[in-house]
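Q: Below is one structure. I have some questions about it.
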Amino acid sequence: MESGIRPPAVSGSFYPAEKNELATVLSSLFAGTRVMLKNKHIKALVVPHAGFIYSGQTASWGYRQLPQPRAHQHFILLGPSHYEYFLGVAADAAEFWETPLGQIRQRSVSGKPLRSAVIAPSVHALEHSLEVQLPFLQYLYQNHFSFTALLTGGNLNTHDVAHDLAAHHTSSLFVISSDLSHYLHEKDAREKDKKTIEAILHLDPDYFDREENVACGQEAIKILIEMARVQKWQRQCIHYDTSASAFASGDKNRVVGYAAIAFYV
């Protein structure tokens, strides 16, 4: 990618393309949240990745739980690829990612081994699941943080990925990007999503192999579950909603579920 910068792919569609408008939207979203885990050390979040009018409120509840900014804070962003199939984990080569709020440094995994990782900028070029997380982090931390972008593909050994990440990123915070059920009636979606959230809280990775249409980022969630199991992280669901809420579409017939779940010690 030219000059090592990945330009925004979904600004103007998933979130505002104009800097001041985006900042205003984020300020409004965070105004409706509060800290629920005081004096806890957050290790990871599960947050949704739809357009901000749909899942932004739920995502902001999750991000509100993060600690106060500190120098050199690093995040691992882990989520699904919606547009391109590949094997293993796809990392990006760009040194910076850009949003309307500015540029953020992106660290390659090349210096910290991840057995299944391949450098695949084309996989990241149009993908929204990680990009939409950055404005929330920029709102809280300005551009004083760095991150590593990782997308999950097929034939993935989630156990190995979890242990590699835990071994080489001990001071990083993990952001797992995933929506829950897709296009069910709201009543059915809420019933299914409740089971999915319970499976995450009970660290049950097998649930995601048994059930269908539970989470588009289920491979990333399974990686998180393995890390949480080994490191004995506690967890709590911070917020749950669907796209049928008043702040979004109002359509109760084909909804998408969204949850913010925090892992902490």
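Q: Grab the alpha carbons of region 138-242, take their convex hull, and tell me the volume per residue in Å³.
A: Enclosed volume per residue, from the Cα hull, is 130 Å³.
Q: Further, regarding this structure: Listing Ser146, Ser177 from the residue with the fewest other Cβ atoms within 10 Å to the one with the most, what is the order?
A: Numbers: Ser146 15, Ser177 27.
Lowest count first: Ser146, Ser177.
Q: Hey, another quick one. Mind giving me the nanometre distance, one decimal, between the label points for Lys40 and Val265, set 7 Å out from Cα along Cα→Cβ?
A: 1.5
Q: Only Lys, Arg, Asp and Glu count, each charged at its Cβ (+1, +1, -1, -1), so figure out the dipole size of the chain about its Cα centre, rounded to 20 debye.
A: That gives a dipole near 1020 debye.
Q: In nm, to one decimal, how far is the modelled label at His74 from the one at Arg254, with both set 7 Å along Cα→Cβ?
A: 4.2
Q: Between Asp209 and Ile5, 0.36 nm times their residue separation minus their Cα-Cα distance comes to what?
A: Working: separation 204, 0.36 × 204 = 73.44 nm, distance 3.67 nm.
Full-extension gain reported as 69.8 nm.
Q: Given the DSSP H assignment, sum -39500 (n - 2.57) over each helix run of at least 4 residues in the chain and divide by its residue total; what's the result at 222 nm in deg cm²/dmol, nearest 500?
A: -9500 deg cm²/dmol
Q: Give me the lysines in straight-line cross-link reach of Lys232: C-alpha distance below 22 Å, same-chain residues under 8 apart excluded.
A: Lys38, Lys40, Lys43, Lys195, Lys222
Q: Cα centroid distance between region 1-63 and region 142-159, in Å?
A: With region 1-63 and region 142-159 each reduced to a Cα centre, they are spaced 17 Å.
Q: Report the charge-dipole magnitude of region 1-100 in Debye, nearest 20, computed about the Cα centre from +1 at each Lys and Arg Cβ and -1 at each Asp and Glu Cβ.
A: 760
Q: Another one. So how do 39-46, 52-59, 219-226, 80-87 stack up, highest first, on mean other-Cβ count within 10 Å?
A: 219-226, 52-59, 39-46, 80-87
Q: Quick check: pseudo-label points 7 Å beyond the Cα along Cα→Cβ at Ile119 and Asp188, how many nm apart are they?
A: Modelled inter-label distance: 4.6 nm.
Q: Taking 0.36 nm per residue of sequence separation and subtracting the Cα-Cα distance, how much length would be gained by fully extending the chain between Glu84 and Arg229, in nm to one decimal?
A: On the way: separation 145, 0.36 × 145 = 52.20 nm, distance 3.02 nm.
The span from Glu84 to Arg229 would gain 49.2 nm if fully extended.
Q: For Val118, Val47, what's the fewest-to-most ordering of other Cβ within 10 Å of each Cβ?
A: Least crowded to most crowded, the residues run Val118, Val47.
Throughout, read-outs are computed from the coordinates displayed, never taken from laboratory work. Small disclaimer: the values here were computed from a predicted structure and weren't measured. Note that we place each Cβ from the backbone using ideal geometry, even for glycine, and neighbour counts take in every protein chain shown.
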